[in-house]
Every structure is written in C-alpha cells, then in structure tokens.
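Input: a single structure, listed below in structure tokens.
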Amino acid sequence: LRCQFIIDVSSSMYFPLKEYNKLSFSVQAVASLIYLLKRQRDAFGLSLFTDHLVLNTQAKSTTTHQKFLFAKLEEILKTEQLDVRTNLEQALHQVADLIHKRSLVIVFSDMLSTVQDESHIDGLFASLQHLKFNKHEVVIFNVTDKSKEVEFNFEIRPYEFVDMETGATLKAQTTKVKEAYLLKMSSYRQAIQLKCTQYKIDMIDADISAGFYPILQAYLIKRQKMS
C-alpha cells in the first residue's frame, strides 16, 4: 500500500484560535495513520497546501522518512497562519500530476474555499476526478468544528465575525443571520456529499469535538469490514 496524506494548512484550519482546532485534529490523525502504516511496512507521503502546494513528498516506508514527516507536522502546528487562502482544487491537480504510482489519497480539509459558488464545487470535483482517473482511491475527512461551523451555535448577542482567510469582517446579531447561514451551509455540504457519492469517494464527517481517535477507529473498522 502507498498512501499520500494531503492536509489543508490554510488559515481556516486554525479555527478555533488558541484552542484544539481543525489543524490539530488533522495533524494528530495523520501522525497516527503514518505510525500504523510504518508498522505494516507500507509507504506514506505527505502533501501540505494553502492556495498552492506548500510541500509534497514521495511515499516511502523508512524510519528516516517517518521522522522527517513528523518534524514537518510539528512545524505546521507551531506556525499560525492568518490571511492565508485556500485553493483545494489547484493543490489536488498538482498532487495528481506528482503521484506516479497508484495510491490511497487521504485528504484532511474543512472543504471551505475562499470563494464559495457553483464553480468552486465543479472545480473541486474536476480535481478529484483527476485523481480518480489516475486510478487513485480517494478518501476525504471533512474536518469541522460542528457546533460553530455547521450548527451555528453562538450566544444570542451581537458578534463581529472575521474571515480568517481574507480578514473581512461582518458585524451581526446571531439571530438575524443564523437561518440564512444554516441554509447555505447545509446546501453546500449536501452538494459535496452528492458529488462524492457520484464519484465513489469516501467522505467522513469529522467533528473535532469528538477527537481524532474515535473517528479514525470507526473509519478503520468500517474499512476492515469492506475489505
């Protein structure tokens, strides 16, 4: 088995700030899976992206390679990146061009782009099709802080919301924007899930409040039953 891990390291992955965030979850999950693959003598590689590919390593199974990847993962945890945008589709096209052997490609991302419209979803799935066309198996861990980002659980009071990728601000009373936000988020998530089903891509809803261990364990048990 050759496995390529792809982690979104754009600013939105640092939410919530100063707490256990989406990036912490992704790094711990990837480190655990690398450790598992190493014990099985399987090969593993790492790709990091923002609005471009930041790092891409080949898949290897050596101890030296494992130590190098762990050092890289530790490094990104210590680096707080604000106003860094996301371009998942571009990164996936680049990775597809760089992986020459059939692999299992596992993506950790909140699937949120700086631009949210129909063209973003079409572009994203064109890049996933690129990976599928090259005979790679694709798995997506859709990493979210479900309470805040999906269910919009905020106190009933005015807030100043700051876009972590663009710095844009919005002052709003939560009750006035909640309904529209939930509708938009639900529609977007359903569109992504539909496309994943269509292209036979396994997408796992990963809520960071559950912790990485139970989510990984549930996925690995499911995968074992399917094999």
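The values are calculated or read from the model by the stated rules, or taken from the named source; none is laboratory data. Because the structure is predicted, anything quoted here is derived from the model rather than measured. Note that each Cβ is placed from the backbone with ideal geometry, even for glycine, and that neighbours are counted across all protein chains shown. Heads up: the accessible areas ignore ligands, DNA and RNA and are worked out on the full protein's heavy atoms, side chains in. Shrake-Rupley method; radii C 1.70, N 1.55, O 1.52, S 1.80 Å.
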request  = Any chance you could look up the accessible area of I156 with a 1.4 Å probe, heavy atoms only, rounded to 10 Å²?
outcome  = 140
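Given segment 1-146, what percent of its DSSP beta bridges are antiparallel, to the nearest 5?
Details: 4 of 22 bridges.
Percentage antiparallel, nearest 5: 20.
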key: Accessible solvent surface per residue of segment 1-40, calculated while the other protein chains remain in place, 1.4 angstrom probe, Å²   = 38
Separation in nanometres of the label points that stand 7 Å from Cα toward Cβ, at R102 and A126 = 2.7
remark   = Within the chain, excluding any trypsin sites (Lys or Arg not before Pro) found in a DSSP loop (not H, G, I, E or B) and having at most 13 other Cβ atoms within 10 Å, the longest uninterrupted segment runs 136-199
request  = Would you please give the FRET efficiency between I221 and T79, computed as 1/(1 + (r/R0)^6) with r the Cβ-Cβ distance and R0 = 35 Å, to the nearest 0.05?
outcome  = 0.55
key: Loop GluC sites (Glu not before Pro), segment 150-227 (other Cβ atoms within 10 Å of the site Cβ: 16 or fewer; DSSP)   = E151, E155
key: Listed residue (T144, N87, F68) projecting farthest to the positive dipole end of segment 48-151, Cβ model   = F68
key: Solvent-accessible area, 1.4 Å probe, carbon plus sulfur percent, for the chain   = 54
query = Using +1 on the beta carbon of Lys and Arg, -1 on that of Asp and Glu, and nothing else charged, what's the dipole of the chain about the Cα centre, debye to 20?
reply = 1100
query = Using alpha-carbon positions, what is the distance between the centroids of segment 167-182 and segment 85-102, in Å?
reply = 33
task = Mind jotting down the three principal axis lengths of segment 1-100 based on Cα atoms? Whole angstrom, largest first.
result = 38, 30, 16
ask   = When the helix-only estimate is applied to the chain (DSSP H runs of n ≥ 4, each -39,500 (n - 2.57), divided by the residue count), what is the mean residue ellipticity at 222 nm, nearest 500 deg cm²/dmol?
value = -15000 deg cm²/dmol
request  = Could you tell me which of Y159, L1, A218 has its Cα farthest along the dipole of the chain towards the positive end, charges placed at Cβ (Lys, Arg +1; Asp, Glu -1), taken about the Cα centre?
outcome  = L1
query = Which residues' amide hydrogens lie under 5 Å from the amide hydrogen of I204, considering only partners 5 or more residues apart or on another chain, with H built in the peptide plane?
reply = I140, F141, N142
ask   = Stretch S24-K200 to full length: gain in nm at 0.36 nm per residue minus the Cα-Cα span?
value = 60.6 nm
